[in-house]
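Peer 1: After the structure tokens below, expect a handful of questions from me.
The values are calculated or read from the model by the stated rules, or taken from the named source; none is laboratory data. No experiment lies behind these values; they were computed from the predicted model shown. Reconstructed Cβ throughout: ideal geometry from the backbone, glycine too, with neighbour counts over all protein chains shown. The accessibility values were calculated without ligands, DNA or RNA, using every heavy atom of the protein model including side chains. Shrake-Rupley method; radii C 1.70, N 1.55, O 1.52, S 1.80 Å.
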Amino acid sequence: MTRTVYVNGDYLPETEAKVSIFDRGFLMADAVYEVTSVIGGKIIDFAGHSVRLQRSMSELEMVSPVTMDELLAIHRELITKNDLDEGGIYLQITRGAPGDRDFAWPDPEEVPCGIVLFTFNKPLVDSKVMDEGIKVISIADERWGRRDIKTTQLLYPSFAKMQAKKKGCADAWLVEDGLVTEGTANNAYIVKDGTIITRQLGNDILHGITRAAILRFAVEAQMKVEERPFTIEEAQQADEAFVTSATGFAQPVIEIDGATIGTGVPGDISKRLREIYTEEMIKTAI
Ligand code: PDD
């Protein structure tokens with residue numbers, strides 16, 4: 001089926017959608033993005049994603065081309081036009097197309113930001129990967145320092161993912177100064193003696209929307225949470241490990257750099273958190 005996508009005010013068949021070759025998203029990865037999941041045709045945690053989007057834009061002095069109400073309406077229209085039941089919506093806002101290449105940012109009064117959205121189908125609730133868990137490798141974190149801003153500079157995470165695939169693993173955990181920052185496109189956690197451990201927020205990781213919800217649900221379920229960094233060695237000795245993201249929810253990790261985590265099958269806490277998250281998000285989807 002040909003998707004209907006949204007480009008700068010128009011709903012178009014994907015085959016007819018175009019952006020300028022001068023778009024700074026294309027030339028310089030001068031763009032921010034969000035990925036929001038959809039279950040049963042409803043949007044999961046739109047509030048969280050729209051707040052983070054506005055923060056990403058404000059950190060980079062971008063002026064949003066749409067209000068958040070308009071953005072919600074565009075998400076809904078795309079769901080309807082594409083008959084989307086389960087999957088997600090990719091949204092990208094770029095600094096626009098000044099008509100030439102220049103390192104300096106254009107005046108936002110003269111060059112408005114560009115905006116593109118498209119839908120994708122993906123099974124989220126019932127997934128074989130979730131039941132089996134994933135294997136990860138570790139790799140040096142060589143991304144830029146403002147990882148709290150969700151930009152489209154994804155070459156290094158993409159490179160890291162390929163290194164993982166070459167070793168027969170699904171993903172990579174990034175390591176800086178001997179400590180795990182996060183996964184290529186997810187936040188990383190370990191569980192030891194019933195305590196959930198994940199790196200504290202800062203400029204060095206993305207402030208995951210799923211992370212915020214998972215930690216809230218964990219505390220509500222009387223689980224112990226510690227926000228601090230951990231090493232790969234500590235992770236390899238943990239009882240459980242998992243990652244979270246909008247499109248993966250909570251996904252168990254069963255092997256790190258060849259070392260089996262716990263008993264080598266998804267742990268009870270990871271599974272329970274996934275269940276709670278799925279239930280709560282379906283209840284509050286809009
Ligand atoms: N990635 N850390 C990084 C580096 C990410 O790229 C992501 C999300 C996360 C998890 O954030 P959230 O829970 O808000 O999805 C953490 C998205 C899904 C992507 O790039 O496709």
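Peer 1: Output the residues belonging to segment 224-239 that are touching a residue at least 40 places away in the same chain (Cβ under 8 Å) and not acidic (Asp, Glu). Quick ask: steps written out before the conclusion?
Peer 2: Residues of segment 224-239 touching a residue at least 40 places away in the same chain (Cβ under 8 Å): 229-232, 234-235, 237-239.
Those that are touching a residue at least 40 places away in the same chain (Cβ under 8 Å) and not acidic (Asp, Glu): PRO229, PHE230, THR231, ILE232, ALA235, GLN237, ALA238.
Peer 1: Here is a list of conditions, (1) on the phi > 0 side of the Ramachandran plot; (2) modelled with pLDDT of 95 or more; (3) not aromatic (Phe, Trp, Tyr), and SER58 meets all of them except one; can you say which number that is?
Peer 2: (1)
Peer 1: Determine which single condition HIS49 fails, assuming it passes every other condition in (1) in contact with a His (Cβ under 7 Å, 6 or more places away or on another chain); (2) within 13 Å of the ligand (Cβ to nearest atom); (3) in contact (Cβ under 8 Å) with a residue 60 or more places away in the chain.
Peer 2: (1)
Peer 1: Among the residues of segment 154-166, are any touching a Phe, Trp or Tyr at 6+ places or on another chain (Cβ under 8 Å), open to solvent by less than 50 Å² (accessible area, probe 1.4 Å) and of a type outside the set (Asp, Glu)? Full working, then the answer.
Peer 2: First pass over segment 154-166, keeping only residues touching a Phe, Trp or Tyr at 6+ places or on another chain (Cβ under 8 Å): none.
Within segment 154-166 (the criterion being touching a Phe, Trp or Tyr at 6+ places or on another chain (Cβ under 8 Å), open to solvent by less than 50 Å² (accessible area, probe 1.4 Å) and of a type outside the set (Asp, Glu)), the answer is no, since none of the residues qualifies.
Peer 1: For segment 169-177, state whether one or more residues are within 18 Å of GLY202 (Cβ to Cβ), assigned by TED's automatic domain parsing to the domain that holds GLU255, hydrophobic (A, V, I, L, M, F, W, C) and buried (at least 20 other Cβ atoms within 10 Å of the Cβ).
Peer 2: Step one: filter segment 169-177 for residues within 18 Å of GLY202 (Cβ to Cβ), giving 173-177.
Checking which are assigned by TED's automatic domain parsing to the domain that holds GLU255 leaves us with 173-177.
With hydrophobic (A, V, I, L, M, F, W, C) added as a condition, the list becomes 173-175.
Going one step further and asking which of them are buried (at least 20 other Cβ atoms within 10 Å of the Cβ), we end up with 173-174.
Yes; the residues of segment 169-177 include at least one that is within 18 Å of GLY202 (Cβ to Cβ), assigned by TED's automatic domain parsing to the domain that holds GLU255, hydrophobic (A, V, I, L, M, F, W, C) and buried (at least 20 other Cβ atoms within 10 Å of the Cβ).
Peer 1: For segment 189-236, name all the residues that are of a type in the set (Gly, Ala, Ser) and either open to solvent by less than 30 Å² (accessible area, probe 1.4 Å) or within 20 Å of HIS49 (Cα to Cα) (or both). Walk me through how you get there before you give the answer.
Peer 2: Pass one, segment 189-236, residues of a type in the set (Gly, Ala, Ser): 194, 202, 208, 212-213, 218, 221, 235.
Residues satisfying the conditions are GLY202, GLY208, ALA212, ALA213, ALA218, ALA235.
Peer 1: For residues in segment 183-198 being in contact with a Lys or Arg (Cβ under 6 Å, 6 or more places away or on another chain) and near the ligand (Cβ under 7 Å from one of its atoms), which is farthest from ALA235 (Cα to Cα)?
Peer 2: Top of the filtered list is THR184.
Peer 1: Could you run through segment 237-251 and say how many residues are within 16 Å of the ligand (Cβ to nearest atom), buried (at least 21 other Cβ atoms within 10 Å of the Cβ) and not hydrophobic (A, V, I, L, M, F, W, C)? It would help to see each step written out before you state the result.
Peer 2: Taking segment 237-251 and keeping what is within 16 Å of the ligand (Cβ to nearest atom), we get 241-251.
If we keep only those that are buried (at least 21 other Cβ atoms within 10 Å of the Cβ) as well, we get 241-246, 248-251.
Checking which are not hydrophobic (A, V, I, L, M, F, W, C) leaves us with 244-245, 248, 251.
Summing the residues that are within 16 Å of the ligand (Cβ to nearest atom), buried (at least 21 other Cβ atoms within 10 Å of the Cβ) and not hydrophobic (A, V, I, L, M, F, W, C) in segment 237-251 gives 4.
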